[in-house]
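Written below as structure tokens is the structure these notes are about.
The values are calculated or read from the model by the stated rules, or taken from the named source; none is laboratory data. Note that the structure is predicted; figures quoted are calculated from it, not measured. Quick note on the areas: whole protein, heavy atoms, side chains included, nothing else; ligands and nucleic acids left out. Shrake-Rupley method; radii C 1.70, N 1.55, O 1.52, S 1.80 Å.
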Amino acid sequence: MDLSFTPEEQKFREEIRAWVRENLPHEISHKVHNALELTRDDLQGWARILGKKGWLGYGWPKEFGGPGWTAIQRHLFEEETALAGAPRIVPFGPVMVAPVIMAFGNAEQQKRFLPGIASGEVWWSQGYSEPGSGSDLASVKTKAERKGDKYIVNGQKTWTTLGQHGDWMFNLVRTSNEGKPQTGISFLLLDMKSPGVTVRPIKLLDGSHEVNEVFFDNVEVPAENLIGEENKGWTYAKHLLSHERTNIADVNRAKRELERLKRIAKSEGVYDDQRFRDEIAKLEVDIVALEMMVLRVLSAATSGKNSLDVAGLLKIRGSEIQQRYSELMMLAGGAYSLPLIREAMEAGWQGNFPGGNPALAPLASTFFNMRKTTIYGGSNEVQRNIVAQTVLG
């Protein structure tokens, strides 16, 4: 395993760094570095900038309009954009559904859907979880009944992240109740502007609107929007989830947030506390170990060797690290991490903080929000079982 970068790869890193420095809007990077809320315009604005350059689908092969980068180049791109303060690419289109369309969609579907994803013009949402189907995704009940040249969809999805912005949605729907639950699921693309689609916000504890419920009431979906074969959607879903779980690890954001944690600890005077600094050191060691795991996978891919199926491992460790750095930031801020007034924060005013830094106000909210990371994308308890069966044997 060779973890050193070649001169060509170092040159590639410098080119990415220079381009991002030139093109990433300062107001967006300021929000990212200070954990301020990003609007749809912020997220889609950056997506369009990347799309214009041809880099929104940075993991895509050239035949589908991507840059055709190696695994190492993709890693370097992710690292440089994260450290510069770029928002995470909203993954549902370019990272999740696009590979499914490339692998299992027909030529017409690829021609129809991929350009809008690559440009950042079309916002995709994910229709997987339901009120009774989370980690047990095979139990989905949203029903799609074939009638002529269309499907009639009825049911409900929940925890739909940023679904209030969605133009299109990829869905797991039940098209058969025969046999094992996995064998009756299909993968359907649905226009969220269709009659019968209702998006209802789920307001979180801090007042933010990040997730939604989505209801389908006799929604008509053209049969041509079915990806692959009917009742084979579980196979396509597993292909997508491997991309999602690797994306959740997000080691490059962890490296950026580690530096932010150190800045906060120093500004609040707790960095000199030996026990607190020990916790930062342990976190840093785990981030380095996670990065080594990612580089191990990249090294195997580059050399043509088969790497272990470690998507679950990356998801487990990455999500736990995200929870730890958000908790340490909150603890460093102490009482000043609590009084978040979201509307005031967006207006640039957070009240009078004698001896406190207003920038600390979102830290408790972030901590509570990050409780989700060990649940979504397949709960860590379930992932450990999968790793035990598929990796350890």
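Percent of Cα-Cα pairs per 10 Å bin, from 0 to the last occupied bin, for the chain, please list those.
Spelled out bin by bin, the chain gives 5, 21, 31, 27, 13, 3, 0, 0 percent.
Please give every one of the lysines within straight-line cross-link reach of K203, meaning a C-alpha to C-alpha distance under 18 Å, and leave out same-chain neighbours fewer than 8 residues apart.
Of all the lysines, those that pass the test against K203 - Cα under 18 Å, at least 8 places apart if same chain - are K157, K372.
With all protein chains present and a 1.4 Å probe, how do H33, H75 order by accessible area, largest first?
Per-residue accessible area, sorted high to low, gives H33, H75.
Please report the carbon-and-sulfur percent of the accessible area for the chain; probe 1.4 Å, protein heavy atoms only, DNA, RNA and ligands left out. Let's see the in-between values first.
Working: 9960 of 19020 Å².
Of all accessible area on the chain, carbon and sulfur atoms account for 52 percent.
Given the whole protein assembly as supplied and a 1.4 Å probe, what does the accessible area of H165 come to in Å², nearest 10?
40
What do you get for Rg/Rh over region 154-278 if you use C-alpha atoms and the Kirkwood form of Rh?
Result: Rg/Rh = 1.17.
List, in the order given, every pair from K11/K31; K180/K255; K193/K255; K62/K147; K62/K141; K52/K232 whose Cα-Cα distance in the structure shown is over 31 Å.
Result: K180/K255; K193/K255; K62/K147; K62/K141; K52/K232 exceed 31 Å.
Heavy-atom accessible area of R296 with all protein chains present, probe 1.4 Å, nearest 10 Å²?
130
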